[in-house]
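Q: I have a structure I would like to understand better, so I am pasting it below and will then ask my questions one at a time.
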Amino acid sequence: MSDYLKDKKIFNFKFASCYAYWLKPDGREPKHYHRGIEFVYVFKGSCKTHRQGKLYVYQKGQVHEVINNSKQPLVFICLTIPQENEKNTVYIS
């Protein structure tokens, strides 16, 4: 079962993709990295790893995670270059 309440595709092109996400309270996106650059902007909510109004830039190969330890959903947008897909995102077990 997903830790996301929902997601919304804004655009998905070969060179880049952009999605909005609603992460459940106590939800988590496990440690992972991308084979490209990811920009994350938090619209609503603050948690252990991310704060409302902040822009996070993750470089190629930079390991990161999202831990929503709050009682509210965390709403954020991700711009990934190149596009988000199974080949671009690598989860760390």
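Q: With a probe of 1.4 Å, find how much accessible area the chain has per residue, and write the answer as a whole number in Å².
A: Values: 5950 Å² over 93 residues.
Accessible surface, normalised per residue, equals 64 Å².
Q: Which whole-number percent is the relative contact order of the chain (Cα, under 8 Å, 6+ apart)?
A: On the way: 242 pairs, mean separation 34.9, N = 93.
Normalised by residue count, the contact order of the chain is 38 percent.
Q: Share of the chain's accessible area from carbon and sulfur, percent, 1.4 Å? List each step's numbers first, then the result.
A: Numbers: 3330 of 5950 Å².
On the chain, the fraction of accessible area on carbon and sulfur atoms equals 56 percent.
Q: Could you go through the range 79-86 in sequence order and give the Karplus-derived ³J(HN,Hα) for each residue, using 6.51 cos²θ - 1.76 cosθ + 1.60 with θ = phi - 60°, rounded to whole Hz, and x for Gly and Pro?
A: 10, 10, 10, x, 3, 6, 6, 4
Q: Another question, if that's okay. Just add up the charged neighbours of N69: K/R +1, D/E -1, any other residue whose Cβ is under 15 Å from the Cβ of N69.
A: Details: positive: K24, R28, K48, R51, K71; negative: D3, D26, E29, E65.
Once all neighbours under 15 Å are counted, the net charge is +1.
Q: Residue by residue, what Karplus-based ³J(HN,Hα) values in Hz, rounded to whole numbers, does the range 25-36 have, using 6.51, -1.76 and 1.60 with θ = phi - 60° and x for Gly and Pro?
A: x, 6, x, 8, 10, x, 4, 7, 9, 10, 8, x
Q: Moving to a separate point now. Amide H of L5: which non-local residues (sequence gap of 5 or more, or other chain) have their own amide H closer than 5 Å, using H built in the peptide plane?
A: Close amide H contacts, sequence-distant or interchain: W22, L23, K24.
Q: Same structure, new question: Cross-link candidates for K48: which lysines have Cα within less than 27 Å, leaving aside residues fewer than 8 places away along the same chain?
A: K6, K8, K9, K24, K31, K60, K71
The values are calculated or read from the model by the stated rules, or taken from the named source; none is laboratory data. Bear in mind the structure is a predicted one, so any value in this text is a computation, not a measurement. When we count neighbours, we look across all protein chains shown, and the Cβ atoms used for this are built from the backbone with ideal geometry, even at glycine. The area values use the complete protein model at the heavy-atom level, side chains included, leaving out ligands, DNA and RNA. Shrake-Rupley method; radii C 1.70, N 1.55, O 1.52, S 1.80 Å.
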